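Heads up, the thing below is written out as structure tokens.
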Amino acid sequence: DIAAMRALPGMTVLQPADDLEAGQMTEWMVAHDGPVFIRLTRQSVADVHPAGYRFRLGKADTVHEPSAAKPGVKLQATVFASGGTVGPAVEAAKDLAGRGFRVRVVNAGSLAPFDDEAAARAAAESQRIVAVEDHNITGGLSSAVCEALGVQGLACPVVRMGLSSFGESASGAELYEKYGLSSDHIVDACLRNLN
């Protein structure tokens, strides 16, 4: 559905990470003049935004920033996630921090327009980008990340985590585990083939 909506000219595509962002996106949509697609998931999601958060169209927001490092030392990864995958991505980053790895988590709630500057920052500051989405890897968040890097002429390995087949019916947790979108799978993707 995200791929189809992103392909439509002038379509705004949003996927909130928590109830605070969902409410703000809905308020923005009501005031907006033009077509908007808001993708909501059916499972409960963790609160990832502080009370003072404000949604900004076309701007990704960092929901987990690792501790400071030595100048010139890249993060092991920047994880871009949207919707229900943001919570597991934050869990994964916290798990990795306990093991001495530095991973940033970026909530890409605005999928069209997409925050190309956030992708450029991730490419410059990270050994890899991990894009996690509860959607097909074609046409969704990972495609938006790769398109942003390509248009800007930037090179950075991108690990795409999402579906490549038709989904099934089950609880959100069961489906995230089956399709490799749980926090443990995100940890593995962040660590795979590090320099």
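The values are calculated or read from the model by the stated rules, or taken from the named source; none is laboratory data. The structure displayed is predicted, hence computed values, not measured ones. Virtual Cβ from ideal backbone geometry, glycine too; neighbours counted across all protein chains shown. Keep in mind that these areas ignore ligands, DNA and RNA; they rest on the heavy atoms of the full protein, side chains included. Shrake-Rupley method; radii C 1.70, N 1.55, O 1.52, S 1.80 Å.
Determine, yes or no, whether V103 is open to solvent by 20 Å² or more (accessible area, probe 1.4 Å), closer than 26 Å to G172 by Cα, hydrophobic (A, V, I, L, M, F, W, C) and touching a strand residue (DSSP E or B) at 6+ places or on another chain (Cβ under 6 Å).
No.
Given the criteria out of contact with any helix residue (DSSP H, G or I) (no Cβ under 7 Å at 6 or more places or on another chain) and either open to solvent by 30 Å² or more (accessible area, probe 1.4 Å) or at pLDDT 95 or above (or both), does M5 qualify?
yes
Look through the stretch 49-99, keep the residues that are on the phi > 0 side of the Ramachandran plot and open to solvent by less than 20 Å² (accessible area, probe 1.4 Å), and return whichever of them is modelled with the highest pLDDT.
Selected residue: G58.
I'd like the full set of residues that are more than 13 Å from L181 (Cα to Cα), open to solvent by less than 30 Å² (accessible area, probe 1.4 Å) and of a type in the set (A, V, I, L, M), limited to the stretch 125-167.
I129, L141, A144, V145, A148, L149, listed by residue number.
Just for the stretch 132-165: of the residues that are in a strand (DSSP E or B) and among the hydrophobic types (A, V, I, L, M, F, W, C), which one is farthest from V106 (Cα to Cα)?
L163
Could you tell me which of the residues E168, E125, E174 is acidic (D, E) and either in contact (Cβ under 8 Å) with a residue 24 or more places away in the chain or in contact with an Asp or Glu (Cβ under 8 Å, 6 or more places away or on another chain) (or both)?
Criteria check complete, one pass: E125.
So how many residues does the stretch 85-131 have that are small (G, A, S), farther than 20 Å from L20 by Cβ and in a helix (DSSP H, G or I)?
So the count comes out to 8.
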